[in-house]
Protein chains: 4
Amino acid sequence: MAGSTYGTLFKITTWGESHGAAVGVVIDGCPAGLPLSGEDIQLYLDRRRPGQSRFTTARQEADRAEILSGVFEGKTAGTPISVMVRNQDQRSRDYGKIKDCYRPGHADYTFDAKYGFRDYRGGGRSSGRETIGRVAAGAVAAKLLERLGIKLTAYTRSIGNITIPEEEYDLSAVTENSLYMPNNSYAEKASVFLEECMKNKDSSGGVIECRITGIPAGIGEPVFDKLDACLSKGIMSIGAVKGVEIGDGFLSADALGSCSNDAFYSSDGRISKRANHSGGTLGGMSDGSPVIIRAAVKPTPSIAREQETVTSDGENTVITVTGRHDPVIVPRAVVVVESMAALTLADLLMANMSSRMEYLERFYI
Amino acid sequence: MAGSTYGTLFKITTWGESHGAAVGVVIDGCPAGLPLSGEDIQLYLDRRRPGQSRFTTARQEADRAEILSGVFEGKTAGTPISVMVRNQDQRSRDYGKIKDCYRPGHADYTFDAKYGFRDYRGGGRSSGRETIGRVAAGAVAAKLLERLGIKLTAYTRSIGNITIPEEEYDLSAVTENSLYMPNNSYAEKASVFLEECMKNKDSSGGVIECRITGIPAGIGEPVFDKLDACLSKGIMSIGAVKGVEIGDGFLSADALGSCSNDAFYSSDGRISKRANHSGGTLGGMSDGSPVIIRAAVKPTPSIAREQETVTSDGENTVITVTGRHDPVIVPRAVVVVESMAALTLADLLMANMSSRMEYLERFYI
Amino acid sequence: MAGSTYGTLFKITTWGESHGAAVGVVIDGCPAGLPLSGEDIQLYLDRRRPGQSRFTTARQEADRAEILSGVFEGKTAGTPISVMVRNQDQRSRDYGKIKDCYRPGHADYTFDAKYGFRDYRGGGRSSGRETIGRVAAGAVAAKLLERLGIKLTAYTRSIGNITIPEEEYDLSAVTENSLYMPNNSYAEKASVFLEECMKNKDSSGGVIECRITGIPAGIGEPVFDKLDACLSKGIMSIGAVKGVEIGDGFLSADALGSCSNDAFYSSDGRISKRANHSGGTLGGMSDGSPVIIRAAVKPTPSIAREQETVTSDGENTVITVTGRHDPVIVPRAVVVVESMAALTLADLLMANMSSRMEYLERFYI
Amino acid sequence: MAGSTYGTLFKITTWGESHGAAVGVVIDGCPAGLPLSGEDIQLYLDRRRPGQSRFTTARQEADRAEILSGVFEGKTAGTPISVMVRNQDQRSRDYGKIKDCYRPGHADYTFDAKYGFRDYRGGGRSSGRETIGRVAAGAVAAKLLERLGIKLTAYTRSIGNITIPEEEYDLSAVTENSLYMPNNSYAEKASVFLEECMKNKDSSGGVIECRITGIPAGIGEPVFDKLDACLSKGIMSIGAVKGVEIGDGFLSADALGSCSNDAFYSSDGRISKRANHSGGTLGGMSDGSPVIIRAAVKPTPSIAREQETVTSDGENTVITVTGRHDPVIVPRAVVVVESMAALTLADLLMANMSSRMEYLERFYI
């Protein structure tokens, strides 16, 4: 089945393998008249680019985005926006055991099981480069949201067991350290931990959090296309994400109703909540509070240790994954989480415009 | 937007409010020739029925399912299967403050924000009765899966902070206690805790786990309709679910790659994994191991305590939610989680049938 | 695959076989706040009811619509609207040869070919009763459109070779004759022809035309979900329709560009066209002129003559279809064409609301 | 709304404006293992290329297709196939009145009405170049179908009032004349007629027919995604198509049931029909006979005569469309009709694979 399309009204289709000619995305359904330049997209792509710190691969990938359609005289035209990034490094080389072996923790085995064979060069479609299309589209969605007063901020909440308590968040620090953590001193601790990981030929996971402010109440389409359900799908579809939670999330399983309910109050004609245990949604629709969503990211599966595995012919063997690999994928995935959240929200905001008959009457009469 | 449809090939559409005439579901795309009776559906519905233990509401709801179409001479006909359950209790009564107030933790406020007004009788479409359609359809999906050798088992893993360690699981106990816990002694502890909650006019959350065995490798459609992404959406769309994780889930954020990767090995021509940290998926496709997915459920928001809130006119007030309410929603939600997992899987199994050209050739030539 | 759902934002799912318990439809995505009663739907259903003239079957089917959900205090609630019509006549009787033979011109053979067996009682899902769900939903869509100033008028343009020239149209006559023709004298001629058909144990086809006025310019979503493309699909999906055309349609194949182009002119600040060869669309979007669409309907396949056919076991035989059958299906299909047009248009009107960034800004800021 | 995606399982998304950087398509859901080369696609693109006869524009467009992803070692990999064709001629030039005027018969006015502005260079997204993506994808679908024994043949049935009677068809002639007509002598007559048109600064329409052989019975998903309904949508979505019919089409409106029904007979264990008035479908599913579908194409709207129109400011004016334009669009649209038919059929063939429980059991057990 065609699984590379996401969204209904604001719809994206990504394509491309890591060592093919290029990767890209088609963004369809973006409203006409949004100012958009290649630079808008480049800024987002740069946030996921490798080679930014000592914990990201040193490969040099320029990742220059080219807008091929859908923008006319600096504004979106209402037609599909096609964005392409050429792959720099397509040389044939020796893929050695990767070609015929299944790397533990990777999608090698399942790709073969599904399709009968796979593009073994650097992971093909299951490579992290697949996210370039998501991020390029996310940049467009985020720009759309920004004009509506909606702002997304994603960051690294924890790396391994180093978790920043909410009361020590300093969102201004996020862009000051290469781990995108909202606290420079925790980022320092995490750096030390990651160097230890590298020394041990090991890798680490972490948690990414995304806060979205400025969402009006009522966004989300019960009962299946709820805001939290759609966000979960979008974020869980990112490689390496193994869990998603909103608001108190798994903590709410261990809470009492008297502590979990957010009391409403009214002030200056505006309805607000005393707390935000719900993480900004009630009944799957935004409640006017910030939406807080978190993603659990597993450790990079590529580690320089010898691991037990099998060949595609079903023979037992061992493999040592060589090459340069990030000891942690979390910092580079921050912008991917933000992008998936932006795409989801743009789609649901558009869907919400026809939720009341009075809206149609105001629009058409 | 139309948010009441779920699935692409095996597609369901649910409808109905808690105090309207009926609730139901249309199941479209179910293959022809599956033996199906009202009893198959009734068995599933009975698992979510109230009045089964002292922790579920004593309301008497017969919830008799009527199959209105799509089944001919005891087998599905390939046409839409319409299932309806009449609501028993539609008397007009005094809804008191609920009509004009927003209950904390409920969808009252967001429904008003989105649609301009709401069916205030018992929660309307945001009531737990909405899940009847999901479960009736889930019964059909589970029956389909069973014939393919795929089995789903969902149960209560924890209530409040009473969590059953995996090594103490006894799946045969699940149907022996009214909390659907796979360990009767933990169920006893949880019962004591819930009685305490009721005494304190409070409520509790918990964690539901679903294990699916017998799934062949390769199910799931990268990069957006991955098995784990689709399961997350389906389960997160259930009211009160605040988090979803697969395999090690949030624990994997705190793990090392060397512990997180599942080694492959071959034995008797079959490829297996030494462990199942991944929870049965790699790259968003099933890897042949059991799929393990967990849902965090928040405490029942209806508690008999006075809570701060506002009226729909924006005036501050207090509310005490009266009536009989479950102190915990978890046991009744177990079959809902299982149903959403079954529906998701049935859909993706059908999608997978056209993943290779050789499959089409074998089918059509 | 699930083929019983139509539309994206205004989405319907129909269900039911002719001799099952009931037929019905779930209408999802209808905006909240539209006044709606059972009577609104009944008026539409009555237009497709048999027993209205001597050319429609004398079966007595009350076809009483019951609204089961989605309407609260006389207005749509934004939730799915479930409408059901119980089948009156479910007695088991002798279906004779129909059970094991393939009636020429019917879907008996193809249903068996696809699903392996079929509900042979009265055509099952391929019966004309399937359209009850379409018409019930069409009534809701037409009510929505009416509030936006959009009006649909469908009628019988021709029966057999008796075609009413456009200059002799009298739309007020449509409800005055049982053939729904916009000219009573042509209706009289058609009646004589149909009586001749009946005498000869034969049947006739015809052409249905639908005019839609009041559509603002710009409705339709290039390049695949164009207004004319979507209308074509909806109308061609009606049983017995074999052709669809818009504006000059097949005549335009035989026209010169100099006659086919509609000149624009401006008057009182309003842009109009001198003619309407295009039938109200340009580039697949409405151009502000009336949309004119036509459907070719084949003769009723059930005729009382002996016809050559085969049994389901592949043996050659003959069949004479007994029972009361309309000698022409066209008049009863008029409201079905109108309904499919209304559903298509409601969906595309909602989609159009997010076509410009300025619309989103006006809505959300 | 996103209208540039077509299909459910075999899904394509086209993009690109006539004078932007490039045009292209992403083909998602193509089964893995189909041999595919750039040459396969090029052969199809060459059939729609201008400059092939004296009736097509003399513009030189190389239209070289580049496959950017989804093919590995000569075979489709199950991942999205991205195909791009660079636009050769992007020079800025004087678009004169076209920029501010609405050309009669074109989409200029409706694009402005919908999106607020438009890419006026050569028609932008409403240009015939938009079909390059359809044809590139159609080549892939046709290759898939060919391996299943399904063959599509499209050709020009009529130009203006020069129609080839079915009994004079010579399908081998289709590639022998530049009008793609299945009879060289009629093609000669049509050429004379078209030269007359050019002399008169006028243009002509025509009818395209597509025959599809080798389709097994049962393809199509009632009641909305019927084979004929889906084909109609796909073909009607092509610019300039104003009507679609299947089998006898509009002629069946004027036929008697006794002539319109196709008798079944059995021979050598195979069920066939004595005639094919139905055009290969019954109840919206293929009946095993050839599918015959026709499209009415309007005359090219660009003619060198002065035409009445308005400016975007709403002032009355006249326009003479200059530049080289085909006096007839039909021959170049032949391959586009064939492509849309191939895409539709590939999608429905894949959907059909899960129509019976026995198919799932055979596949998975």
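The values are calculated or read from the model by the stated rules, or taken from the named source; none is laboratory data. The shown structure was predicted, so the numbers you read here are calculated from the model rather than taken from an experiment. When we count neighbours, we look across all protein chains shown, and the Cβ atoms used for this are built from the backbone with ideal geometry, even at glycine. Heavy atoms of the whole protein, side chains included, go into the accessibility calculation; ligands, DNA and RNA do not. Shrake-Rupley method; radii C 1.70, N 1.55, O 1.52, S 1.80 Å.
Listing for the model above:
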{"item": "D:S252 being open to solvent by less than 10 Å² (accessible area, probe 1.4 Å), farther than 22 Å from D:T153 by Cα, of a type in the set (S, T, N, Q) and assigned to a helix (DSSP H, G or I)", "result": "yes"}
{"item": "Some residue of segment C:332-343 being of a type in the set (S, T, N, Q), without any contact (Cβ under 8 Å) to a residue 60 or more places away in the chain and farther than 30 Å from D:F117 by Cα", "result": "no"}
{"item": "Residues of segment D:295-305 classified as more than 8 Å from chain C (Cβ to nearest Cβ) and in a strand (DSSP E or B), total", "result": "1"}
{"item": "Every pair of residues 6+ apart whose Cβ atoms lie under 8 Å, when the first sits in segment B:1-14 and is without any contact (Cβ under 8 Å) to a residue 60 or more places away in the chain and within 9 Å of chain A (Cβ to nearest Cβ) while the second is aliphatic (A, V, I, L, M) and in a strand (DSSP E or B)", "result": "B:G3/A:V223; B:S4/A:V223; B:S4/C:V26; B:T5/B:I12"}
{"item": "Residues within segment A:315-328 that are more than 10 Å from chain B (Cβ to nearest Cβ), open to solvent by 40 Å² or more (accessible area, probe 1.4 Å) and not small (G, A, S), tallied", "result": "3"}
{"item": "Pick from segment B:285-294, criterion outside any strand (DSSP E or B) and more than 7 Å from chain A (Cβ to nearest Cβ), ranking: nearest to B:L349 (Cα to Cα)", "result": "B:G288"}
{"item": "Residue match in segment B:131-141 (condition: closer than 20 Å to B:A240 by Cβ, within 17 Å of the chain's Cα centre (by Cα) and not in a helix (DSSP H, G or I))", "result": "no"}
{"item": "Filtered residues of segment C:142-164 (kept if among the aliphatic types (A, V, I, L, M) and open to solvent by 20 Å² or more (accessible area, probe 1.4 Å))", "result": "C:I162"}
{"item": "Residue match in segment D:145-154 (condition: small (G, A, S) and under 14 Å from the mean Cα position of the chain (by Cα))", "result": "yes"}
{"item": "Residue that is nearest to the other protein chains (Cβ to nearest Cβ) [pool: residues in segment B:142-171 that are in a helix (DSSP H, G or I) and of a type in the set (A, V, I, L, M)]", "result": "B:L144"}
{"item": "Every residue from segment A:256-283 that is within 7 Å of chain B (Cβ to nearest Cβ) and in contact with a Pro (Cβ under 7 Å, 6 or more places away or on another chain)", "result": "A:L256, A:G257, A:S260, A:N261, A:D262, A:A263, A:F264, A:G283"}
{"item": "Unmet criterion (only one of (1) polar (S, T, N, Q); (2) within 28 Å of B:V310 (Cβ to Cβ); (3) part of a helix (DSSP H, G or I)) for A:S232", "result": "(2)"}
{"item": "Residue ID - nearest to C:I12 (Cα to Cα), chosen from residues in segment C:68-85 that are in contact with an Asp or Glu (Cβ under 7 Å, 6 or more places away or on another chain) and among the hydroxyl-bearing types (S, T, Y)", "result": "C:T79"}
{"item": "Unique match (being closer than 24 Å to A:D46 by Cα, at pLDDT below 95 and away from chain B (no Cβ under 14 Å)) among A:R125, A:R121", "result": "A:R121"}
{"item": "Selection count where residues are touching a strand residue (DSSP E or B) at 6+ places or on another chain (Cβ under 9 Å) and within 13 Å of chain C (Cβ to nearest Cβ), scope segment D:340-357", "result": "10"}
{"item": "Residues satisfying the stated conditions in segment D:278-295, i.e. crowded, with 23+ Cβ neighbours inside 10 Å, free of Cβ contacts under 8 Å to residues at least 60 places away in the same chain and not hydrophobic (A, V, I, L, M, F, W, C)", "result": "D:S278, D:G279"}
{"item": "Boolean, D:D112 is modelled with pLDDT of 95 or more, at the interface with chain C (Cβ under 9 Å from one of its Cβ atoms), surrounded by fewer than 20 Cβ atoms within 10 Å (Cβ to Cβ) and within 22 Å of C:R274 (Cβ to Cβ)", "result": "yes"}
{"item": "Residue list for segment B:235-249, restricted to those being more than 7 Å from chain A (Cβ to nearest Cβ) and not in a loop (DSSP other than H, G, I, E, B)", "result": "B:I235, B:V241"}
{"item": "Complete set of residues in segment D:216-229 that are more than 7 Å from chain C (Cβ to nearest Cβ), open to solvent by 10 Å² or more (accessible area, probe 1.4 Å) and in contact with a Lys or Arg (Cβ under 9 Å, 6 or more places away or on another chain)", "result": "none"}
{"item": "Residues of segment A:192-215 satisfying the condition of being open to solvent by 10 Å² or more (accessible area, probe 1.4 Å) and either farther than 27 Å from A:T322 by Cα or touching a Phe, Trp or Tyr at 6+ places or on another chain (Cβ under 9 Å) (or both)", "result": "A:E195, A:M198, A:V207, A:R211, A:T213, A:G214"}
{"item": "Any chance C:F363 is among the aromatic types (F, W, Y), within 9 Å of chain D (Cβ to nearest Cβ) and touching a helix residue (DSSP H, G or I) at 6+ places or on another chain (Cβ under 8 Å)", "result": "no"}
{"item": "Residue, least open to solvent (accessible area, probe 1.4 Å), within segment D:168-180, restricted to residues that are touching a residue at least 60 places away in the same chain (Cβ under 8 Å) and under 26 Å from D:G280 (Cβ atoms)", "result": "D:L179"}
{"item": "Residue among B:E308, B:E358 that alone is part of a strand (DSSP E or B), open to solvent by 30 Å² or more (accessible area, probe 1.4 Å) and not small (G, A, S)", "result": "B:E308"}
